[in-house]
Each structure stands twice: as structure tokens, then as C-alpha cells.
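Comments concern the structure below.
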Amino acid sequence: MRLILVRHGQTDSNVIHALDTEAPGADLTELGRRQAEALVAELGEEDIESMWVSNLVRTHQTAAPLAGALGLTPIEREGLREIRAGDLEMANGDAEVRTYLEGIMAWTVDPDSRMPGAETGREVKERYDAVVAEIVATGQETAMIVSHGAVIVSWAASTVEVPREFLGRSISNTGVVIIEGDPTDGWQLVRWESRALGGPSVSDVEHDGPAGYPDERHPDSLGVAGRAAED
């Protein structure tokens, strides 16, 4: 099957680089709503048969325009939520953000290590895998998941063989990762679009939040978790 994973649009918490991971979470900004609207033109030609969202409000708001255009009702699953920040919840200092991101990258070596006050890498992967398995079981050809930056990057890096040229890439608000295959025979990466779908008019890399696209302004952003294995 074809699985389209989209990060939600920009939120107020992204703008201040806060680790906002608990439900219901922040609403989309005005830019975030325009990013969501841009998905209609960017993904409207995909033969999307179902749309899945987390229990955080920003994924519902991001999915709404495209779901409306396609006549779909998004299906909520908590397993698609962001990686919990635990003791670091709503922190936005450099040290706290670094602790969160390094904790995620450490899962490439030790998936049983725990985010302070939260979950392990294995627990995160298992909950996300469970929802993906449910989607695959529908027998549909194409489905879309609206989820979160850190969990999309972490799950994809631990599930799909990522070509070396993609190492170091993260995912901006309304960036997309597209994979094809299934859990039994394996998944293949088809597309990794780090920047916001819709182009520069709906892009604000400076305010993507801690899981945003890494460049000279975001040297500590998450990137594909495979980076950690190279260090």
C-alpha cells in the first residue's frame, strides 16, 4: 500500500520552539491554517481512501481542508501522537530541547532508553506500528496519516531503509514522507519532502519548532535519526 505521512501545520508552540506534546495541544497559527489549505492542491490528486490523525487538535485542524475536499472523515488514533516530552513538557530552552532530541536519537542504539518522565523508543514504535497495522488491514491502496514531526522521523528511520542522501533530513510543518509496501514484506521510501508542501509562500523554517528542518539556523534539529548511528 501507499502510506502518506504528513506533519501538522505550524502551531503557536512551534513559533516559540516549545516541546508541546500533551493533548489537546496548541491550535494552528494563521500560517498553519494556510499550510493546511495548501494540502488540498498538493495532495488532492492522490487516491487517498482514508485519513488518520492523532488525538492532538493540530492534526485534526491540518487534516480538515483536504478531508473536506475528498469527502473523508478523519479517524483518530492516540498511537499517532507526538513523542511525549515527559519532564520536559512545554520547555523551550536550548538545553531542554537538546535533551529531548538527543533522547530520540539515542533510540537508534538503545530503543529501551526512556525519555525523562515519558516513554521508551520501543514503546513509541509499538504504538505507531499498531495503528499502521490497522490501516494496512483495511486493504486500502492509499492512506494518509497526519501526525507529528519527531514521531514521523523516528518511526520512518526505524522502519524504512533510508538512503544515505536523506540522512540528516527532518520535516517541516506540512512536510511529507511517503512510503510503499507493508509490514510483512517491508516498506520502501518513495518521497521525503522536508519543506512545507505548497512552497515558499507557506514556509517558515525559522518557526518550525524543535522537530523542524535542520539548517544553519537549526543545527540541533532532529534530522533522520540515522544520523546518530553515524556519529
Sum of side-chain charges, LEU189 neighbourhood, beta-carbon under 10 Å (Lys, Arg +1; Asp, Glu -1): -1
Residues GLU30 and LEU72, FRET efficiency given R0 of 22 Å [Cβ-Cβ distance, rounded to 0.05]: 0.35
Summed residue charge, Cβ within 15 Å of LEU28's Cβ, Lys/Arg positive, Asp/Glu negative: -4
Relative contact order (%) - criterion: Cα under 8 Å, at least six apart; region: the chain: 29
Surrounding net charge for ALA38, when Lys and Arg each add one and Asp and Glu each subtract one, Cβ distance under 15 Å: -3
In the range 43-125, the GluC sites (Glu not before Pro) that fall in loop regions by DSSP, at most 13 other Cβ within 10 Å: GLU45
Highest to lowest packing among 50-56, 196-202, 4-10, scored as the average C-beta count within 10 Å: 4-10, 50-56, 196-202
Dipole magnitude of the range 2-230, debye to nearest 20 (Cβ charges: Lys/Arg +1, Asp/Glu -1, about Cα centre): 80
Whole-Å distance, taken between Cα centres, linking the range 174-195 and the range 1-21: 17
Per-residue [θ]222 nm for the chain (sum of -39500 (n - 2.57) over DSSP H runs n ≥ 4, rounded to 500): -10000 deg cm²/dmol
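Read the figures in this text as sums done on the coordinates, not as results from a lab. Everything quoted here is computed from the prediction, not taken from an experiment. Positions of Cβ are generated from backbone atoms using ideal geometry, with glycine treated the same way; all protein chains shown enter the neighbour counts.
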